[in-house]
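Participant: For reference, the structure I am asking about is given below.
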Amino acid sequence: MASIAFKNVTKRFGDTTAVDNVSFEIADNEFFCFFGPPLSGKSTLLRLLLGLEVPDSGEIYIDGKAVTTLQASQRNIAMVFQNLALFPHMTALDNIRFPLVERKMSETHIRQKVEDVSAKLHIEHILHKLPAHLSGGERQRVAIARALVRDPVAYLMDDPISALDARLREETRVELKRIQRDAGKTLVYVTHDQEEAMSIADRMAILENGKIRQIGTPIDIYDRPVSKYVAGMLGSPAINFFQLDDTQASGIRLAGEGLIQLDAREVPANAVQVGLRPENLAIRPDGGAGDVATARISSVEPLGGFTVVTVAPQQSKSQTVYRALLRGQHQMEVGTEVTLGYQPDQLISFDQNGLAIG
Amino acid sequence: MTDASGATAMSKSISDTKGRQRLASADQRRLGFYLTLPTQILVLFIAVFPLLMQLYISMTDWTPLSGLNWTRAYELWAGFANYRDLFDDDRFFGALWRTFLIIIIAVPIEFLLGLAIAMLFMEEFPAKKVFYSALLVPMMIVPAVAGYMFFLLFQSDGPINQLLSLFTGSKVAISWLSDPDLALAVVIMADIWQWTPLMFLILLAGLLGVPNDQLKAATLLGASPWQRFVTIVLPKIKTIMIIAVAIRTIELFKIFDTLYIMTAGGPGVATETISVFIYKITTLELVWGYVAALALLILVTLSIVAALGMYLLQRNKSRASA
Amino acid sequence: MSEIRLEKLTKRFGDFTAIEKMDLQVRNGEFLALLGPSGCGKSTTMNIIAGMESPSEGTVYFGDRDVTRVPMGKRGVGFVFQNYAIFTHMTVRQNLEYGLRMHGLPAAQRKRKVDEIAGFLELSPLLDKPTAGLSVNILQRIAIGRSAVLEPAIFLLDEPLSNVDAAFRSVMRYELKQLQRRFRQTMVYVTHDQLEAMTMADRIAVMDQGVLQQVGTPLEVYNNPANIFVANFIGSPGMNLLKGALTSRDGRPAIAFEELDQTIELPDELARLAEKRNSAAVLYGFRPEEIELTSQNGLSMKADFLERIGARTILHLEASGREVKAVFDNNVAVQLDSMVSFRPASGSERLFDAQTGARIG
């Protein structure tokens, strides 16, 4: 049973359509992620779900019940704020108890609830501490425990770790994933960082201008994007797009200069562009087989375990460059001429509307 | 102390409202109109009624001594006589001139002094907080009390003369408040003493709003402190400067309490400003029709000045954002 | 003369030591990244080089010239602020010509220079636009152009990409690097992001708690980190570090991991270096990217979960509360919650002193 469902939900602010005829279902205990650029409607979706906005049309269901017109306080959905909003003068225990005490629940009931949730999130040993004495990860757990203690259907997080620095983000997202696994609750999560989205989400929705462009598991979307837009949103470095030579539909044009010959069977007849992920773009220092184009290396970026090589088509006047992600460490000189290669099955074809074919 | 400049806060709120207006649908706008209608009528009544009454009275020679209720003032109809008299009234023009004199001397001094102190406060120096608090004290004092303080200070056997005697070695007995020129100077001094802190406070807020990074960037690009002030600071605090000057100008136009306690407008009419003049003719001479005409004239004049100021501000802003 | 040399640089704020006796040389024309977590002293170092702060002790040289007491306006360094510090009340052109105007250059020359730099930075169509509302990558180019037009030999950049959307970052990294290639200035780039430092810098200076930890090329610091801080900070994820003790197994040198109750063989040269020390306690380090799945002579841990991030898959392995991360291509087949046997690729193992954290070999 889906714990959350949107059916044809639209929300307009004046002339702007923030959420445009959106439908999706989130399963129980799922880690669901909304991902999109700024102003793509991610936060409005969260606000609609929370009950802070009323949709202009469409229905919202929580636990099978229509809640479209219910107010935030009647929806039983919890929100964990980016700054966590823990009360600094209260111990972790008092912070977690707070929502229940506010609801005037009986002491035995409160104790039972707090015990359950603390055991689940493995924070029994830190309950006596003040927030200031907790590590970042522990604070995160306490804030989530406080959200979960009143048994919400789901809890929401709006870009909770974007303010942290790179290393801390990597560690915290793993911690969040663990917490969600321990908590066993539906988590709806908003982020603008593709790596974060792919790392933590069970399933994700990619948004553009208030519309959901694709829903699926991260790896599924990564491998089988429905459009150029979606293909470009995931992956770092971003996917390479090659213009097909329109006169023969049998070659990949490198910015009008070099040409990669393609077997016509590889690419559907209506394809005008093909995409190739950087990890699938091969770079060979020698002249390879006949089906390759030459390019010049314009930058080599060592990442340690990987190397990003940027190549520019020769004699090209345009600024187009292509990136390859190579496993391991490679010594290459900027300016060297190289040949490019790929495996036919790694190409993703797009028609003139930017939609994926096949 | 606020760290945001009033100007940026203001422009932000303006753009916010614009955004919201654009988003609000026509229905919502109509609803908003109906909801605010009662209040708007009330406000209109409160503002418009006294104005109309004033206009009416100003066209008559009505005074409370006439034994008529104000509603029957038409029996003493005078037409535009009161307005004509105004333009022949030397005492009125004298008061107007003195008011302007006080403004054009006091406001620039307060402005420059306030700016200088504010710039000083952008640097670190020992006991800054103590100076800061001390500087704000004059502003907190009730104007009437400040007037009394200056009244005492400038008595002919008061502390100022005693101090001067100490320095010059001979007995000084200047009658500050009985000398027409000196009395005006003392009035101006008192105002500078009391209101420079406000200027300082507003301008400091403006200076604190100038992004530090941009100042550093200018320095790194080779700007001298003076160039930095002219090219970065001045353009960024121009709006707030205009606001500060406007506030003090309007306030000074109404100067009354401090001055009245010190000199009561005297000696003679040497320190009689517009407010003192109105007060006197209202309470002593009771020519209320004349007063009404005078008050209306001032209102119209000030409105024109204010509108001009607003126009300049707006032009400034639209130029900055264009 | 655009070499930068810091000698015994120390900066204290009250009781707090922001930089401790730092020696650093930035070569002529080099792109050096000053890398470290927030609060490590990297920005303070940069501010001292720019002259915005003065050191408590130590000397700053540009070439042979001691500039320690030279005020910031007179050092002639280009500086790009984290938020770009664009003069928002001016047009793009007014921003670009600001420095030239302050130096009293005549209008004709100003125009020629500004047009030239604007052409190079592709800002020409925007020259007469106000700066409000321009996108960050344009603002960044204005900030660079504003300094570059004065042709400084030294360019300092303070986390210029930290306000940029993740998606744009790789593009802007590339642009920045191309710029430096053409201008050939000495560049010092402050960042907390090891990825930025790795991808752009000729050399990286890693700092932590006010102390310079290591200076080297990106691959030097990645392959041979001087200590556990650098080992963990460089790389995404950082190096795996397991507490162990030198021992022997079947007459061959090995490391015993008490917590895991497992042992792994140690290459002879590493063992020789390690045996010279008094203590047997070491930290065994290996890169997540250099892990082979093999049942022979390896370690065994439970597959806790997978992060599939496009081209990479990070496998989180766990045993007795210890974690090891392994990075694979996106086609790795691992059953979650099953035991996984693995071994660091031969030659990629590193040993660190358990007390000092310094690398042994």
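The values are calculated or read from the model by the stated rules, or taken from the named source; none is laboratory data. This structure is a prediction, so every number in the text was calculated from the model and none was measured. Glycine gets a Cβ as well: all are built from the backbone with ideal geometry, and neighbour counts include every protein chain shown. In case anyone asks, the SASA skips ligands and DNA or RNA and just uses the protein heavy atoms, side chains included. Shrake-Rupley method; radii C 1.70, N 1.55, O 1.52, S 1.80 Å.
Participant: A:Glu170 fails exactly one of the following numbered conditions: (1) in contact with a helix residue (DSSP H, G or I) (Cβ under 7 Å, 6 or more places away or on another chain); (2) open to solvent by 20 Å² or more (accessible area, probe 1.4 Å). What is the number of that condition?
Facilitator: Every condition holds for A:Glu170 apart from (1).
Participant: Just the residues that are open to solvent by less than 70 Å² (accessible area, probe 1.4 Å) and among the basic types (Lys, Arg), please, taken from the range B:99-145.
Facilitator: Across the range B:99-145, the qualifying residue is only B:Lys128.
Participant: Please enumerate the residues belonging to the range C:268-301 that are touching an Asp or Glu at 6+ places or on another chain (Cβ under 9 Å) and open to solvent by 70 Å² or more (accessible area, probe 1.4 Å).
Facilitator: Of everything in the range C:268-301, just one residue is touching an Asp or Glu at 6+ places or on another chain (Cβ under 9 Å) and open to solvent by 70 Å² or more (accessible area, probe 1.4 Å), namely C:Asn297.
Participant: How many residues does the range C:64-110 contain that are surrounded by fewer than 17 Cβ atoms within 10 Å (Cβ to Cβ), assigned to a loop (DSSP other than H, G, I, E, B) and among the acidic types (Asp, Glu)?
Facilitator: Going through the range C:64-110 one residue at a time, the tally reaches 1.
Participant: Could I ask something else about it? Restricting to helices (runs of 4 or more DSSP H) lying wholly in the range A:113-213: which have 1 or more residues that are within 14 Å of another protein chain (Cβ to nearest Cβ) and touching a strand residue (DSSP E or B) at 6+ places or on another chain (Cβ under 8 Å)?
Facilitator: Of the helices (runs of 4 or more DSSP H) lying wholly inside the range A:113-213, those with at least 1 residues that are within 14 Å of another protein chain (Cβ to nearest Cβ) and touching a strand residue (DSSP E or B) at 6+ places or on another chain (Cβ under 8 Å) span A:166-183, A:194-200.
Participant: With a cut-off of at least 2 residues that are under 18 Å from B:Pro180 (Cα atoms), name the helices (runs of 4 or more DSSP H) lying wholly within the range B:249-322.
Facilitator: Answer list for the range B:249-322: B:257-263, B:274-280.
Participant: Another one. So, in the range A:16-48, of the ones that are within 14 Å of chain B (Cβ to nearest Cβ), on the phi < 0 side of the Ramachandran plot and in contact with a strand residue (DSSP E or B) (Cβ under 9 Å, 6 or more places away or on another chain), which residue ends up most open to solvent (accessible area, probe 1.4 Å)?
Facilitator: Out of the qualifying residues, it is A:Thr17.
Per-residue answers, yes or no, for (1) assigned to a strand (DSSP E or B); (2) basic (Lys, Arg); (3) at negative phi:
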{"site": "A:Ser299", "(1), (2), (3)": "yes, no, yes"}
{"site": "A:Gly304", "(1), (2), (3)": "no, no, no"}
{"site": "A:Val311", "(1), (2), (3)": "yes, no, yes"}
{"site": "A:Thr320", "(1), (2), (3)": "no, no, yes"}
{"site": "A:His330", "(1), (2), (3)": "no, no, yes"}
{"site": "A:Val334", "(1), (2), (3)": "no, no, yes"}
{"site": "A:Thr339", "(1), (2), (3)": "yes, no, yes"}
{"site": "A:Asp345", "(1), (2), (3)": "no, no, yes"}
{"site": "A:Ser349", "(1), (2), (3)": "yes, no, yes"}
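Participant: For C:Met198, are the conditions met, namely being open to solvent by less than 10 Å² (accessible area, probe 1.4 Å), in the same structural domain as C:Thr10 (by TED's automatic domain parsing), of a type in the set (A, V, I, L, M) and at pLDDT below 95?
Facilitator: Criteria met by C:Met198.
Participant: Could you tell me whether any residue of the range C:312-327 is under 21 Å from C:Asp353 (Cβ atoms) and either more than 13 Å from chain A (Cβ to nearest Cβ) or modelled with pLDDT of 90 or more (or both)?
Facilitator: Yes: the range C:312-327 contains one or more residues that are under 21 Å from C:Asp353 (Cβ atoms) and either more than 13 Å from chain A (Cβ to nearest Cβ) or modelled with pLDDT of 90 or more (or both).
Participant: Follow-up question, since we're still on this one. Specify which of the listed residues (A:Ile161, A:Ile126, A:Ile144) is closer than 22 Å to A:Ile77 by Cβ and over 14 Å from the mean Cα position of the chain (by Cα).
Facilitator: A:Ile144
Participant: Further question on the same structure: Do you know which residues across the range C:66-118 are within 30 Å of the chain's Cα centre (by Cα), of a type in the set (Val, Ile, Thr) and either away from chain B (no Cβ under 13 Å) or over 20 Å from B:Gln214 (Cβ atoms) (or both)?
Facilitator: Listed by number, the residues that qualify are C:Val67, C:Thr68, C:Val70, C:Ile117.
Participant: B:Ala190 passes all but one of (1) under 25 Å from the mean Cα position of the chain (by Cα); (2) open to solvent by 30 Å² or more (accessible area, probe 1.4 Å); (3) of a type in the set (Gly, Ala, Ser); which number fails?
Facilitator: The number of the failed condition is (2).
Participant: Moving to a separate point now. So in the range C:171-207, with the set limited to residues that are closer than 23 Å to C:Asn232 by Cα and of a type in the set (Asp, Glu), which one is farthest from the other protein chains (Cβ to nearest Cβ)?
Facilitator: C:Asp202
Participant: Of all residues in the range B:260-274 being open to solvent by 30 Å² or more (accessible area, probe 1.4 Å) and at pLDDT 85 or above, which is nearest to B:Trp62 (Cα to Cα)?
Facilitator: Out of the qualifying residues, it is B:Tyr260.
Participant: In addition: Give the residues of the range A:316-358 that are open to solvent by 30 Å² or more (accessible area, probe 1.4 Å), aliphatic (A, V, I, L, M) and within 11 Å of chain C (Cβ to nearest Cβ), sorted by residue number.
Facilitator: A:Val321, A:Val334, listed by residue number.
Participant: For the range C:254-271, does any single residue satisfy the condition of being without any contact (Cβ under 8 Å) to a residue 24 or more places away in the chain and among the hydrophobic types (A, V, I, L, M, F, W, C)?
Facilitator: Scanning the range C:254-271 turns up at least one residue that is without any contact (Cβ under 8 Å) to a residue 24 or more places away in the chain and among the hydrophobic types (A, V, I, L, M, F, W, C).
Participant: Does C:Glu349 meet the test of being surrounded by 20 or more Cβ atoms within 10 Å (Cβ to Cβ) and within 23 Å of the chain's Cα centre (by Cα)?
Facilitator: Spelling it out, C:Glu349 is indeed surrounded by 20 or more Cβ atoms within 10 Å (Cβ to Cβ) and within 23 Å of the chain's Cα centre (by Cα).
Participant: Okay, moving on. Could you please find all residues in the range B:215-224 being facing another protein chain (nearest Cβ under 7 Å) and either open to solvent by 10 Å² or more (accessible area, probe 1.4 Å) or in a loop (DSSP other than H, G, I, E, B) (or both)?
Facilitator: B:Lys216, B:Thr219, B:Leu220, B:Leu221, B:Gly222, B:Ala223
Participant: Sticking with this structure for a sec: Given the options C:Phe168, C:Phe257, name the one that is within 11 Å of another protein chain (Cβ to nearest Cβ) and either surrounded by 18 or more Cβ atoms within 10 Å (Cβ to Cβ) or of a type in the set (Phe, Trp, Tyr) (or both).
Facilitator: When all the criteria are applied, what remains is C:Phe168.
Participant: Regarding A:Phe13, is this residue crowded, with 17+ Cβ neighbours inside 10 Å, under 16 Å from A:Lys211 (Cα atoms) and within 14 Å of chain B (Cβ to nearest Cβ)?
Facilitator: yes
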